[in-house]
Every structure is written in C-alpha cells, then in structure tokens.
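J.: Dropping the structure in here first, questions after.
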Amino acid sequence: MQEHTGTILVVEDEEPVRDLLRLYLEKEGFRVTTAEDGEEALIKFSGSHPDLILLDIMLPKMDGWAVCKEIRKQHATPIIMLTARGEELDRVLGLEIGADDYITKPFSPREMVARVKAVLRRVNQAEERKNAQVITWPGLVIDNNAKNVEMNGRVVPMPPKEFDLLWFLARHPGQVWTREQLLQQIWEYDYLGDPRTVDTHIKRLREKLSAHTGRRYIKTVWGRGYKFEVGN
C-alpha cells in the first residue's frame, strides 16, 4: 500500500471512466471521492476539500464550466478539465475561467496521473515560494528581507511601492489580479487614489525588467488585470 499523497475529486458522469480514474489514482496512493454531475460535485467539494479536481466538461444538471466558475469564486483548488471534444476553444475557455490544465479524451490513465502529479507539484512549489523571503526566477532575484532586486546579477534600485508590487506578483505566478485588488494589497484598503497608478507602476517595472533581463515578466490579461509569467 502506497502512502496517502492527497485527495482527488473525480467529477465524471460516465461510470466506466470514473471507475478507471479512481483505480489508477488509488494505485498511486491518492484518496479519491467521486461525483456524477455538477451539483453533486459542489456538494462533494464542500464536504471533502480535495487537493485537486478532475472535472469533466459535459455533465448533467450543471456543466464543468459552471462548476469551475463557482469554485473559483472562493477557492484556488487546482482543477484539471476533462474534454471529449479536443477543440482549442474549449481548452482556452477552461484556462480563462481558472482551470489549471486540461486532458482530451480518450486519454492514457498514465498521462492523467502524470498531469495530476505535475499540477500538484507546481502548486506545492508555489506555496513554498509564498513563504520564502528570497524569490529566484531566470535573471531575477528578489530579496524581501533586504528589499533588494538583482537583474542578471546587477542590483537595480527600486522605489518601495514598485518593489512591493513586484514582490507580490512574483509570489503568485500565473494568478491574475485586477487593479483594484493590487491597490488593496499594495496600497492598502484605505487608498483613494486613481486605479491607473497601478498601470504606471507596472509600466516602470516592465521597462526595468526588459532593460536588464530582456523579459517583461508581467503580462496584461485584457479585461481582467495583470499576472506574473516567467515565459513571456
């Protein structure tokens, strides 16, 4: 018997697929709970607080899109979408509403297990990064204790709010933040200034990052806000 490595909620209306997913996940040491439709998925989610959700798109009562949106209102639990269509639009929509990954049916159970482990590994690494006082990305080292930023080995002077903004975004890679949320986090709740001050600080950060590392790191998500992304 393998050591318990986490709880997975499998949401799938086809019993053979659901049983297959359970079998392979339990063989890898995961504890598995299941749901047959969208409404049951939300009930099981509230009761089990899983570490990750495998969520089919085409479900009775409430589809996977609606379930994902509902969960994302209050929780950041990793979600991998299961889709039989394989259409790019489905994949893009899933990622835009907050899914962490997707798997197209038919899929290899081994691939599914590998994807689950990869997403959980990324989440664990992100949690470790949140607790760290020094964050390291390619060409970029941010030291919160010293309030110091190195870009390609060179210390780059940075005003306090710019540093706080960069530190905050770098601690939450891939997460989208609106201007209002960034104002609350960096300038605190009682800030009454223009939300465009965020745009100004983002612009200055991008200029410094681009000049010293060749990367912008901070991506605009149109209609939503900003996120820190290593690959841009």
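J.: Is there a residue in segment 183-192 that is among the charged types (D, E, K, R), more than 23 Å from residue 222 (Cβ to Cβ) and modelled with pLDDT under 90?
T.: Yes, the conditions are met somewhere in segment 183-192.
J.: Can you find, within segment 22-42, the residue that is surrounded by the fewest Cβ atoms within 10 Å (Cβ to Cβ) among those that are under 12 Å from residue 6 (Cβ atoms) and touching a Leu at 6+ places or on another chain (Cβ under 9 Å)?
T.: 31
J.: Looking at segment 21-32, can you tell me whether even one residue there is under 21 Å from the mean Cα position of the chain (by Cα) and among the small types (Gly, Ala, Ser)?
T.: Checking segment 21-32: not a single residue is under 21 Å from the mean Cα position of the chain (by Cα) and among the small types (Gly, Ala, Ser).
J.: Look through 79, 53 and report the one residue that is closer than 19 Å to residue 115 by Cβ, among the hydrophobic types (A, V, I, L, M, F, W, C) and touching a Gly at 6+ places or on another chain (Cβ under 8 Å).
T.: 79
J.: While we're here: Quick one: how many residues across segment 205-228 are assigned to a loop (DSSP other than H, G, I, E, B) and either among the aliphatic types (A, V, I, L, M) or open to solvent by 50 Å² or more (accessible area, probe 1.4 Å) (or both)?
T.: Total satisfying the criteria: 6.
J.: Next question, about the same structure. Taking the options 117, 105, name whichever one is of a type outside the set (A, V, I, L, M), open to solvent by less than 40 Å² (accessible area, probe 1.4 Å) and out of contact with any helix residue (DSSP H, G or I) (no Cβ under 6 Å at 6 or more places or on another chain).
T.: 105
J.: Name the residues in segment 149-182 that are out of contact with any His (no Cβ under 8 Å at 6 or more places or on another chain), open to solvent by less than 40 Å² (accessible area, probe 1.4 Å) and either closer than 14 Å to residue 226 by Cα or free of Cβ contacts under 8 Å to residues at least 40 places away in the same chain (or both), would you?
T.: Selection gives 149, 163, 166, 167, 168, 169, 170, 172, 176, 177, 182.
J.: Quick one: residue 212 ticks every box in (1) under 24 Å from residue 99 (Cβ atoms); (2) more than 16 Å from the chain's Cα centre (by Cα); (3) at pLDDT 90 or above bar one, so which box is it?
T.: The failed condition is (1).
J.: Among (1) crowded, with 18+ Cβ neighbours inside 10 Å; (2) over 14 Å from residue 209 (Cα atoms); (3) without any contact (Cβ under 8 Å) to a residue 40 or more places away in the chain, where does residue 124 come up short?
T.: Only one criterion is unmet by residue 124, namely (1).
J.: Out of the residues in segment 37-66 that are among the hydrophobic types (A, V, I, L, M, F, W, C) and in contact (Cβ under 8 Å) with a residue 40 or more places away in the chain, state the one that is farthest from residue 103 (Cα to Cα).
T.: The extreme case among them is 59.
The values are calculated or read from the model by the stated rules, or taken from the named source; none is laboratory data. These numbers come from a predicted model, not from an experiment. Here the Cβ is made from the backbone with ideal geometry for all residues, glycine too, and neighbour counts use every protein chain on show. Heads up: the accessible areas ignore ligands, DNA and RNA and are worked out on the full protein's heavy atoms, side chains in. Shrake-Rupley method; radii C 1.70, N 1.55, O 1.52, S 1.80 Å.
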